[in-house]
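Here is the structure we will look at.
The values are calculated or read from the model by the stated rules, or taken from the named source; none is laboratory data. Model, not experiment: these values are computed from the prediction. Cβ sites come from the backbone with ideal geometry, for glycine too, and all protein chains shown count toward neighbours. Note: areas computed on protein heavy atoms with side chains; ligands, DNA, RNA excluded. Shrake-Rupley method; radii C 1.70, N 1.55, O 1.52, S 1.80 Å.
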Amino acid sequence: MPKPRTTVVMRALATTISAALLLSACGAGSRTSSSTAAQVECDFPAPSKATSVNVLAYNSSAIDPFTNTMVKSCSKNQVTVKHEPIDFGGQVQKTTATLAGDTGTYDVIETYGFIIPKYAGEQKLRPLDEFVAEFDQEYGLSDINKAMRQAMSYDGKLYGLPMQAQMYVMAYRKDVFESLGLKPPTTFAELREVAGKIQQAGQIKYPVALPLLASSDIATAYDSALGSLGVDYVDAATMTPNFDKPEAAEAFEELRSLAPFMDPQVTTFDQPRVQQQMYNGSAAVAIMFSGRMNDLTQTSNSRFAQQFAFAPPPSVAGGDVLYNTLSVDGWSIPTNAAADPKMLFEMIASSVSADASKASVPAAYPARDGIVTPGSSPYAEAAQVSIGKAPPAEPHPWTSRISNDTRTVVADVVLGNTPVAEGTAQMQQIAVKILAEYEK
């Protein structure tokens with residue numbers, strides 16, 4: 001029997017680690033300029049010689065404020081902090097490469113709870129607990145949400161200093177909804193009904209936009225649907241995959257049921273492409289990470305900026321657990337980093353300081369308690385509801401491997417190239433093989 005899903009905010013934060021590697025919280029497409037960088041204290045002692053610190057972080061409106069702050073505030077005392085623009089796919093590739101050898105290219109890398117178990121278990125990330133204890137008072141680290149710290153921990157040790165959280169939020173065109181007398185959908189059935197009425201009105205041909213990029217996002221979409229139905233990838237107690245459960249097939253059927261309301265090229269769309277559909281008016285409803293929402297409200301991005309409204313994402317089949325995933329993002333220090341780790345920690349601590357975190361709102365949902373309030377952004381209330389109704393994730397080293405190795409199967413099933421029963425059977429076999437390595 002699948003374990004029940006929690007709806008308590010802090011428990012959700014503590015246990016939920018997103019499949020962000022896949023969906024990606026993420027992708028490229030930042031609309032946040034360097035003007036968002038806060039000037040904060042970054043008080044590390046000057047090194048004995050000129051030093052370059054290379055930071056690996058993908059560009060998005062939610063991440064850029066923290067990266068920009070680190071570059072602006074910590075380039076001093078003979079140290080130059082460098083960050084080159086990159087999209088999420090590029091970050092994934094470069095993370096793998098820089099952690100592979102005895103020496104790496106990057107000194108600080110942006111990470112997220114989903115990959116912490118894998119890299120921490122392989123001892124590729126430096127534990128940060130001693131630095132947190134040393135610099136707690138100086139940088140106010142106790143104000144960082146404890147549950148988010150747990151999400152960036154593995155085997156009782158902290159491997160990523162939390163920066164911010166992202167969760168799914170639903171954006172919709174309130175002018176379209178009001179003109180047709182529609183309300184924000186709370187289930188997939190209601191989403192289909194709403195989308196059908198928008199289509200029938202002849203205003204928008206494909207009103208629903210989801211990031212279902214076949215090479216990444218689509219696996220997280222499936223995991224989010226499965227989680228909303230109350231099922232994990234794996235029953236950790238028995239080390240048994242759950243793809244043979246009825247809910248595994250149901251998750252596929254529910255995702256496929258949205259196909260008539262989405263662009264036929266949807267499996268080529270990452271989050272920036274979904275944003276573009278909303279910008280240009282070719283879609284009326286979108287579900288994506290909260291870090292993408294502030295871009296929609298900017299009049300410089302879209303003529304519809306004043307018409308976007310926000311709500312929590314719907315559940316798949318009813319109930320409190322939503323079609324959702326929660327990603328806690330943060331900074332990690334590779335064990336093969338060349339620069340002094342204590343200096344690097346002061347840099348990442350300064351970038352998530354109280355002033356830096358305040359400056360990141362509304363583009364980001366910072367990890368410090370008390371900064372995000374219902375009035376702090378147009379989508380803050382929706383995000384806060386969404387956090388408390390996200391399915392818990394599976395903080396195990398096999399989770400990311402199963403997600404990655406089953407991704408092509410998920411894409412084929414959603415596209416209709418593989419029957420649902422055949423696809424879930426393939427996924428079960430893949431997962432059984434991976435889990436066998438951890439039972440030895």
- Message: To make sure I understand the rule: partners must be lysines, Cα under 30 Å from the Cα of LYS197, and not fewer than 8 residues away in the same chain. Which ones qualify?
- Response: LYS174, LYS183, LYS205, LYS389
- Note on the structure: If the label point sits 7 Å along Cα→Cβ of LYS342, residues of the stretch 113-149 with amide N under 12 Å come out as 131, 134-135
- Does anything in the stretch 329-350 have its amide N under 13 Å from the 7 Å Cα→Cβ label point of GLN78, and if so which residues? 340
- Query: Across the stretch 421-435, in residue order, what do the Karplus-derived ³J(HN,Hα) couplings come to in whole Hz, using 6.51 cos²θ - 1.76 cosθ + 1.60 with θ = phi - 60° and x for Gly and Pro?
  - Reply: 4, 5, x, 5, 5, 5, 5, 4, 5, 4, 5, 4, 5, 5, 5
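To the nearest 0.05, what FRET efficiency results for GLU439 and GLU193 with a Förster distance of 35 Å applied to their C-beta separation?
Details: r = 45 Å, r/R0 = 1.30.
My answer for the efficiency is 0.15.
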- Query: What does the convex hull of the alpha-carbon atoms of the stretch 211-320 project to on average, in nm²?
  - Reply: 8.0
- Here D for the stretch 222-276, in µm²/s, from Stokes-Einstein with a Kirkwood Rh over Cα pairs at 20 °C and 1.002 mPa s, works out to 167
- Task: Within the stretch 267-298, find all residues whose amide N lies under 13 Å from a label point positioned 7 Å from the Cα of ALA201 along Cα-to-beta-carbon.
- Result: 283-285
- Query: What order, most packed first, do the peptides 102-111, 324-333 have when packing is the mean number of other Cβ atoms within 10 Å of each residue?
  - Reply: 324-333, 102-111
- Give me Rg over Rh for the stretch 34-84, both radii from the alpha carbons and Rh done the Kirkwood way, two decimal places. 0.99
- Considering amide H positions built from the backbone, and no H for Pro or chain starts, which residues 5 or more places from VAL53, or on another chain, come under 5 Å of its amide H? THR80, VAL81, LYS82
- Take the Cα gyration tensor of the stretch 283-352, multiply each eigenvalue by 5, square-root it, and list the three semi-axes largest first, rounded to whole angstrom. 36, 20, 9
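Kindly state, to the nearest 0.05, the FRET efficiency for ASP244 paired with LEU180, given R0 = 41 Å and r defined as their beta-carbon distance. Write out the running numbers ahead of the final one.
Details: r = 41 Å, r/R0 = 1.00.
Once the sixth-power term is evaluated, E becomes 0.50.
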- Taking H placed 1.01 Å from N in the peptide plane, check which residues at least 5 places from ALA38 or on another chain put their amide H under 5 Å from its amide H. THR69
- Mind listing the phi-derived Karplus ³J(HN,Hα) values for the stretch 188-194, rounded to whole Hz, using 6.51, -1.76 and 1.60 with θ = phi - 60°, and x for any glycine or proline? 5, 4, 5, 4, 5, 5, 4
- Query: Considering the Cα trace of the stretch 150-261, what is its radius of gyration and what is Dmax, both in angstroms?
  - Reply: 18.0, 55
- Task: For LYS342, list the lysines whose Cα falls under 21 Å from its own Cα; do not include residues on the same chain fewer than 8 positions away.
- Result: LYS49, LYS72, LYS76, LYS82, LYS124, LYS157
- Item | Spherically averaged projected area of the chain from its Cα convex hull (nm²) | 19.7
- Ratio for the stretch 33-182, C-alpha Rg to 2.2 N^0.38 Å, reads 1.24
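Take ARG401, ARG173 and sort them by solvent-accessible surface of the protein heavy atoms, 1.4 Å probe, largest at the top. Each step should come with its number before you reach the end.
Numbers: ARG401 65, ARG173 15 Å².
If we order ARG401, ARG173 from most to least accessible, we get ARG401, ARG173.
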- Message: Check which residues have an amide H placed less than 5 Å from GLY113's amide H, if you skip close sequence neighbours.
- Response: SER18, VAL328
- Item | q = 0.11 Å⁻¹: log10 I(q)/I(0) that the Debye formula gives for the stretch 317-440, counting C-alpha atoms only | -0.68
- Note on the structure: Using the Kirkwood radius over Cα pairs of the stretch 73-121, the Stokes-Einstein translational diffusion coefficient at 25 °C and 0.890 mPa s, in µm²/s and rounded to a whole number, is 195
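Report the extension gain between GLN265 and ASN301 in nm, rounded to one decimal, defined as 0.36 nm multiplied by the number of residues separating them, less their alpha carbon distance.
Values: separation 36, 0.36 × 36 = 12.96 nm, distance 2.27 nm.
Using 0.36 nm per residue and subtracting the Cα-Cα distance, I get 10.7 nm.
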- Quick one: Cα centre-to-centre distance for the stretch 365-430 and the stretch 141-194, in angstrom? 11
- Work out from phi, with θ = phi - 60° and the Karplus expression 6.51 cos²θ - 1.76 cosθ + 1.60, the ³J(HN,Hα) of each residue of the stretch 369-386, listed in order in whole Hz, and give x for Gly and Pro. 5, x, 7, 8, 10, x, x, 7, 7, x, 10, 4, 5, 4, 5, 5, 5, 4
